[in-house]
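> This is the structure I have questions about; it appears just below.
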């Protein structure tokens, strides 16, 4: 990693944590969790910019590559809550199933629409 990459990584981390801090502060007045507000701020800014800036993409690539490590604490704690999980099994199962299915459908529709707009834009430039 070069000095420039390191500087960009530090800037990207500072930007993301700054947005998170702002969103937590903003959540005092907006009835949404701070993390969700931060994700929405990032989403809107990426849509306005049209791409993820290199300074933000660079430091988060490691975390995306090793995302499964973030689920280890949750997996290890499952036996501690086994009785509660079994008591509410069907509610949890249906909630997880419905939420996952709904997210997959929405993300698929948005991705397909985005891809078609990119293809149409590309064809209009080349054609």
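The values are calculated or read from the model by the stated rules, or taken from the named source; none is laboratory data. Bear in mind that the values here come from a model prediction, so they are computed numbers and not experimental data. Virtual Cβ from ideal backbone geometry, glycine too; neighbours counted across all protein chains shown.
> Are there any pairs, at least 6 apart or on different chains, whose C-beta atoms fall under 9 Å, with the first in the stretch 63-74 and surrounded by 10 or more Cβ atoms within 10 Å (Cβ to Cβ) and the second in a helix (DSSP H, G or I), and if so, which?
63/69; 63/70
> Moving on to the next point. Given the structure, is residue 37 without any contact (Cβ under 8 Å) to a residue 24 or more places away in the chain and under 15 Å from the mean Cα position of the chain (by Cα)?
Yes.
> Something else: Restricting to helices (runs of 4 or more DSSP H) lying wholly in the stretch 29-92: which have 2 or more residues that are assigned by TED's automatic domain parsing to the domain that holds residue 10 and closer than 21 Å to residue 111 by Cβ?
Helices (runs of 4 or more DSSP H) meeting the threshold: 34-49, 54-65.
> Looking at the stretch 41-53, can you tell me whether even one residue there is in contact with a helix residue (DSSP H, G or I) (Cβ under 6 Å, 6 or more places away or on another chain) and without any contact (Cβ under 8 Å) to a residue 12 or more places away in the chain?
Yes, the stretch 41-53 contains at least one residue that is in contact with a helix residue (DSSP H, G or I) (Cβ under 6 Å, 6 or more places away or on another chain) and without any contact (Cβ under 8 Å) to a residue 12 or more places away in the chain.
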